[in-house]
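Worksheet: the structure to be examined is printed underneath.
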Amino acid sequence: MKRVHIIVTGRVQGVFFRANTRDKGRQLGLNGWVRNAGYDQVEVIAEGDDDKIRELVDYCRQGPPAAHVDDIKVKFEEPKKDLGPFSIRY
């Protein structure tokens with residue numbers, strides 16, 4: 001099990017990035033959340049199996065079709081097991 005903290009920068013707001021990331025996280029069986037984090041940024045925290053976490057990171061590098069990712073920062077952490085089913089935070 002692994003935990004990841006992701007910050008995605010670019011055209012990631014108003015393009016269903018959060019909803020699609022939530023759906024991807026649920027599809028992968030991950031726990032975690034996604035939220036807007038200031039102008040042109042989305043933040044993601046997720047926990048789950050290593051291969052599923054890497055798949056989520058790969059997804060965040062592109063996002064949904066209308067998104068344009070300029071940068072992604074990825075930090076792997078020790079799992080805390082404090083996250084519920086993947087959701088959007090406001």
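Please treat every number below as a calculation from the coordinates, not as lab data. This structure is a prediction, so every number in the text was calculated from the model and none was measured. Cβ placement follows ideal geometry from the backbone for every residue including glycine, while neighbour counts extend to all protein chains displayed.
Looking at (1) in a loop (DSSP other than H, G, I, E, B); (2) buried (at least 16 other Cβ atoms within 10 Å of the Cβ), which one does K80 not meet, given that it meets all the others?
Going through the list (1) in a loop (DSSP other than H, G, I, E, B); (2) buried (at least 16 other Cβ atoms within 10 Å of the Cβ), K80 breaks only (2).
Is it true that some residue in the stretch 11-19 is touching a residue at least 60 places away in the same chain (Cβ under 8 Å) and crowded, with 16+ Cβ neighbours inside 10 Å?
Looking for residues that are touching a residue at least 60 places away in the same chain (Cβ under 8 Å) and crowded, with 16+ Cβ neighbours inside 10 Å, one finds at least one in the stretch 11-19, hence yes.
Does A67 meet the test of being surrounded by 13 or more Cβ atoms within 10 Å (Cβ to Cβ) and out of contact with any Asp or Glu (no Cβ under 8 Å at 6 or more places or on another chain)?
Spelling it out, A67 is indeed surrounded by 13 or more Cβ atoms within 10 Å (Cβ to Cβ) and out of contact with any Asp or Glu (no Cβ under 8 Å at 6 or more places or on another chain).
Looking at the structure I just gave you, is G25 touching a residue at least 60 places away in the same chain (Cβ under 8 Å) and either buried (at least 20 other Cβ atoms within 10 Å of the Cβ) or hydrophobic (A, V, I, L, M, F, W, C) (or both)?
Yes.
Check whether at least one residue in the stretch 40-54 is over 10 Å from the mean Cα position of the chain (by Cα), assigned to a loop (DSSP other than H, G, I, E, B), touching a residue at least 12 places away in the same chain (Cβ under 8 Å) and buried (at least 16 other Cβ atoms within 10 Å of the Cβ), and report yes or no.
No, because not a single residue in the stretch 40-54 is over 10 Å from the mean Cα position of the chain (by Cα), assigned to a loop (DSSP other than H, G, I, E, B), touching a residue at least 12 places away in the same chain (Cβ under 8 Å) and buried (at least 16 other Cβ atoms within 10 Å of the Cβ).
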